[in-house]
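Note sheet for the following structure.
Laboratory data are not the source of any read-out in this text; all were calculated from the coordinates shown. Bear in mind the structure is a predicted one, so any value in this text is a computation, not a measurement. Cβ: placed from backbone, ideal geometry, glycine included. Neighbour counts: every protein chain shown.
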Amino acid sequence: MNYRILRIIFIVTMVVLIWAKYENYVSFWHFLIPVLVLMPFLVLGAIFIQLNFYVKSVNTVAMFPYKTGIDESKKNICLTFDDGIHSINSPRALNILKQKNIKAHFFIIGKNIAGHEDILRRMHDEGHSIGNHSFNHGWNFDLQSTTAMQQEIENTNKLIEANIGVKPTIFRPPYGVTNPNLARAIQNTQMLSMGWNLRSLDTVAKSREELLHKLKSNTKPNSVVLLHERCDITVDVLTEYIDYCLLEGYTFVTLKTPDEV
Ligand SMILES: [Zn+2]
């Protein structure tokens, strides 16, 4: 079930109800039923990117549309870092990834690039995928018009391309929230939406043990892991988490679109 199909069902139901009301088969109260049924779908579809309700997102490694460099017979997982660039923690995370020879995704907020251009270039030069995570990442991102969202995506793309020579093709919706306006903005900018299926909740983790337990116990083949390197605790546990995954036989992969290969 997605937004397009549900909208068609809703419109057809309303047309039938209008006819039924005209024939005096129902009262006005009956019009509330489809509205009440629709509401939870609209809300849950906006909150949970994994439902692919408004936007079809890549939420697992198995859903990667391009399989370049991926051996599907292996236990693959994908690390993604949101909200960079952070002046201290982004280089810390990069150092660990370099030491372990692991490539990851960095979803960059456009306004964070100024003053950190060298770190952005390092991310790219060391083989990581640079994605778009809006320009402002404001609390009201999802309340904006399609045009405003599109502008944020395009401004961040331009800034990234000016620094690394490659235009991002993958977009991570801020907060993982989606809606019809964002769906149009993603379509108009021809971006590929990437979600996740392992939310580490590192931004609210109270201890290293809690975060590591959450990560380890939820890691499965095809996991796309959502992390934020701006959180000290995330970088603090990164080496141990990677070592755990390697010991468990996982292979770290990234989604490479044809423009990035
Ligand atoms: Zn974010």
Relative contact order (percent, whole number), the chain, Cα cutoff 8 Å, 6+ residue spacing:
26 percent
For a quick check of your reading of the filter: which trypsin sites (Lys or Arg not before Pro) in the stretch 201-261 sit in a DSSP loop and have no more than 10 other Cβ atoms within 10 Å?
206
For residue 75, the residues 5 or more places away or on another chain with a placed amide H closer than 5 Å to its own amide H are 251
Once both label points are put 7 Å beyond Cα along the C-beta direction, the residue 9-residue 188 separation in nm becomes 2.9 nm
Quick check: pseudo-label points 7 Å beyond the Cα along Cα→Cβ at residue 240 and residue 62, how many nm apart are they?
3.0 nm
Mean-position separation - Cα centroids, the stretch 3-81 and the stretch 115-132, in angstrom:
35 Å
Considering amide H positions built from the backbone, and no H for Pro or chain starts, which residues 5 or more places from residue 132, or on another chain, come under 5 Å of its amide H?
108, 170, 171, 172
With an 8 Å Cα cut-off and a minimum separation of 6 or more residues, compute the relative contact order for the stretch 137-223 in percent.
27 percent
How much of the DSSP beta bridge set in the chain is antiparallel, as a percent to the nearest 5?
0 percent
Of the chain, which part is the longest with no chymotrypsin sites (Phe, Trp or Tyr not before Pro) in a loop (DSSP not H, G, I, E, B) and with at most 12 other C-beta atoms within 10 angstrom?
140-261
Could you list which residues have their amide H under 5 Å from that of residue 57, counting only those 5 or more apart in sequence or on another chain, with H placed in the peptide plane?
52
For the stretch 1-111 the mean separation of alpha carbon contacts under 8 Å (6+ apart) over residue count, i.e. relative contact order in percent, is 19 percent
